[in-house]
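The values are calculated or read from the model by the stated rules, or taken from the named source; none is laboratory data. Bear in mind the structure is a predicted one, so any value in this text is a computation, not a measurement. With ideal geometry, Cβ positions are generated from the backbone for all residues, glycine too; neighbour counts draw on all protein chains shown. Ligands, DNA and RNA are stripped out before the accessible areas are found, and what is left, the full protein with its side chains, is counted by its heavy atoms. Shrake-Rupley method; radii C 1.70, N 1.55, O 1.52, S 1.80 Å.
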Amino acid sequence: MKTFLGNISWKAWHVWRRDRDVYMATWKTNFIPPLLEPILYILAFGAGLGALVDGVQFMGKTISYITFIAPGLIAIDMMFQSFYENTYGSFVRMYYQKTFDAIVATPLMVEDVIAGELLWGATKSLVGSIIMLAVISAFGYATYPSSLLIIPYSFLAGLLFSSIAICFTGIVPSIDTFNLPVFLFITPMFLFSGTFFPIELLPDWAQKVALLLPLTHVVNFSRASFLGAFSARVWMGLAGVAVATLFFFCLGIYLMKRRLIR
């Protein structure tokens, strides 16, 4: 771990700044989806499906269905923003645009490039979460000040999903292969991590599997922050996310370095 992390320096900031500049060059396209997505979800699930559900039990309270899923929508956005940035986005920069080759020709180390990519993926999670939180708050579904915890947490969660994503980027033979982790890893988390219904409704074995999925704990923390109701499970999930982030961060740098210096 010392070898991997010891070569990371403040120069990773330059990689982050390069990705930010590209992002801001097309800011209208990048900002509109996280701005409109929560509105569409609220209309669909609040006025549509939510009308069919009387309420959802959460920590001994009955809350509306839209209040239940709203924090889950932010958690999903954390996952999508960071995962896709460091799979498809990083692969395009690495393989097609040869951006990484150009950067390592400068005084930056390979580890700086990868760390900068991961920090940018986490930043996209942060930006998307701030926008969605603002939109959902405008509808009155968030509780303050506890909901503000989602902002720093979105960076940690984004760094976790970015680190997992860069692990796949370090081993896939082609960009089309990303269909496999999206179908086998991202889609099951999207459906079974407690975003749209309590995981307690699942069979016992499925609940145990759901607890192994990182998005489950991201959803739990987001929901607890939204409602201002924290439990021991939520704090344990936060610790688990922190440990998993460190593990996949190191693994991602190792796999990407092995690929880039072949």
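Worth pointing out:
- Qualifying residue in the stretch 99-112 (condition: aromatic (Phe, Trp, Tyr) and open to solvent by 10 Å² or more (accessible area, probe 1.4 Å)): no
- Selection within the stretch 11-46 - surrounded by fewer than 12 Cβ atoms within 10 Å (Cβ to Cβ) and assigned to a loop (DSSP other than H, G, I, E, B): 26
- Candidates are the residues of the stretch 246-262 that are open to solvent by less than 10 Å² (accessible area, probe 1.4 Å) and out of contact with any Phe, Trp or Tyr (no Cβ under 6 Å at 6 or more places or on another chain); the one that is nearest to residue 198 (Cα to Cα) is 252.
- Scanning the stretch 101-125 for residues that are within 20 Å of residue 171 (Cβ to Cβ) and more than 23 Å from the chain's Cα centre (by Cα) gives 101, 104, 110.
- Cβ-Cβ contacts under 7 Å between residues 6 or more apart (or on different chains), taken from a first residue in the stretch 208-232 that is on the phi > 0 side of the Ramachandran plot to a second residue that is at pLDDT below 95, are listed as 228/143; 228/146.
- Checked against (1) over 28 Å from residue 50 (Cα atoms); (2) of a type in the set (A, V, I, L, M); (3) without any contact (Cβ under 8 Å) to a residue 12 or more places away in the chain, residue 238 meets all criteria but (3).
- Filter result for residue 44 (more than 20 Å from the chain's Cα centre (by Cα) and more than 20 Å from residue 132 (Cβ to Cβ)): no
- In summary, helices (runs of 4 or more DSSP H) completely within the stretch 143-262 and bearing 3 or more residues that are farther than 25 Å from residue 63 by Cβ and touching a Leu at 6+ places or on another chain (Cβ under 9 Å) occur at 150-169, 232-260.
- Per-region count, the stretch 143-182, residues under 15 Å from the mean Cα position of the chain (by Cα) and open to solvent by less than 40 Å² (accessible area, probe 1.4 Å): 16
- Test set (1) open to solvent by 20 Å² or more (accessible area, probe 1.4 Å); (2) touching a residue at least 24 places away in the same chain (Cβ under 8 Å); (3) not acidic (Asp, Glu) - residue 125 fails condition number: (1)
- Some residue of the stretch 57-79 being open to solvent by 60 Å² or more (accessible area, probe 1.4 Å), modelled with pLDDT of 90 or more and basic (Lys, Arg): no
- Within the stretch 128-142, the residues that satisfy the criterion of being open to solvent by 40 Å² or more (accessible area, probe 1.4 Å) and over 18 Å from the mean Cα position of the chain (by Cα) are 138, 139, 140, 141.
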